[in-house]
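Comments concern the structure below.
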Amino acid sequence: MNTSVAIPEQSTLFNSVLDGYGRRLALVFGNEFQDGRCPFHQSQCNHCDIGAGEGVQFNYELNQQRLVFFQDYYGDVLPDIVHLVIYNSGSTLNKLEMSPETLFYIAKYAASLEKCKIVSWDSRECYIKHKNLDVIVNNLRQDQQIKIILGIESQDETIRMVNLKKLMSKEAIEKAFAIAGTYQTRIGIEFNIVFQPPEIVGQAAIEEAEKTVRYGLDLSQKYEVPIDFNFHPYYPSRKSQVMFPDHPRAQLEDSLQALLLMKQAIAEYDNAAKIFIGWQDEAHDREQDKRTSELQQYLDIFNRFNIEQNIAILQDVV
């Protein structure tokens, strides 16, 4: 077996950053499903190029080697990581995409990081089951918060299930919260929100982002499940350019307005939820020049907001 594939592409090597909890690092493991793809990639997810994976089917041994690589590559920062995020181009809780052996191995490593207090795992809602969660719960330290990242993108079923073809029903999402709630706040959920998703722009996109936060806050309150939000301004991907060739990239001025309303909603609910503005695109943004220009203008503001979670940062520039 060619073990060189255990070394990831540069585009998937996230920089460590700061969020509302402390130093954050995302690690991308290989997908163990057929051809290394997310099983939903071909038939769903009109915006997602990430699900194509790395072009090779991984297994436990290769992912074990990848973790060894990470330990060396990130050797200077891993001892200071407070928030560890685990990706695999699909669902980390699906045993066909990340075997129980790999899940166990990563969890045990995360438990060895003394400063690490939060470990987030990316997954579809259908894999949030006790037998999958228990592997993580039983192998992380008791003082480590577990979070499951759900890419719901929007609370609106037409936007999510028709435009984006992310076939996650509200019933299934709520069931995931109900299961997480049985762990008595040990397990939280993060919502991924795509800002200005296909066929919605301007004020309507701003209001939709706020509605998605309120939807998550309602479920958090109902099931007593901690919640956070990951905010991703829309960019044209290979898939979305085919499906929505005329839909523009997100207006970042509008995103600031959306973030302001989202923070106000969180305060209204008296919820401890944090928002993380994500910029890593794994080189899938088809307009890299525009992306570079946007980063030069907004990255400092967004980084400050990620750390301080202070609404005044947004008010100063809106």
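The values are calculated or read from the model by the stated rules, or taken from the named source; none is laboratory data. Keep in mind that this is a model prediction, so the values were computed, not measured. Note: ideal-geometry Cβ built from the backbone for every residue, glycine included; neighbour counts use all protein chains shown.
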Out of GLU97, GLU101, I need the residue that is among the acidic types (Asp, Glu) and either within 17 Å of the chain's Cα centre (by Cα) or at pLDDT below 95 (or both). Which one?
GLU97
Given the condition in a loop (DSSP other than H, G, I, E, B), of a type in the set (A, V, I, L, M, F, W, C) and surrounded by 17 or more Cβ atoms within 10 Å (Cβ to Cβ), answer yes or no: does some residue in segment 61-74 qualify?
no
Would segment 244-251 turn up any residue that is crowded, with 16+ Cβ neighbours inside 10 Å, within 22 Å of GLY22 (Cα to Cα) and in contact with a strand residue (DSSP E or B) (Cβ under 8 Å, 6 or more places away or on another chain)?
no
Please determine, by comparing only the residues of segment 155-190 that are of a type in the set (Val, Ile, Thr), closer than 12 Å to PRO226 by Cα and touching an Asp or Glu at 6+ places or on another chain (Cβ under 9 Å), which one is surrounded by the most Cβ atoms within 10 Å (Cβ to Cβ).
ILE189
Under 8 Å between Cβ atoms, at least 6 apart or on separate chains: pull out the pairs that start in segment 154-174 with a residue that is within 19 Å of GLN241 (Cβ to Cβ) and in contact (Cβ under 8 Å) with a residue 12 or more places away in the chain and end on any residue that is among the aliphatic types (A, V, I, L, M) and part of a loop (DSSP other than H, G, I, E, B).
ILE159/ILE200
Residue selected from segment 117-154 under the condition assigned to a helix (DSSP H, G or I) and in contact with a strand residue (DSSP E or B) (Cβ under 8 Å, 6 or more places away or on another chain), by the criterion surrounded by the fewest Cβ atoms within 10 Å (Cβ to Cβ)
VAL137
If GLY202 meets every condition in (1) crowded, with 20+ Cβ neighbours inside 10 Å; (2) small (Gly, Ala, Ser); (3) closer than 21 Å to GLY278 by Cα apart from one, which number is that one?
(1)
Say we look at segment 182-200 and pick out the residues that are of a type outside the set (Phe, Trp, Tyr) and part of a strand (DSSP E or B); which of these is farthest from PRO248 (Cα to Cα)?
ILE187
In segment 278-295, the residues that are touching a residue at least 24 places away in the same chain (Cβ under 8 Å), of a type in the set (Asp, Glu) and in a helix (DSSP H, G or I):
GLU294
Single residue of segment 35-60 satisfying the filter (of a type outside the set (Ser, Thr, Tyr) and outside any loop (DSSP other than H, G, I, E, B)) that is farthest from HIS284 (Cα to Cα)
ASP35
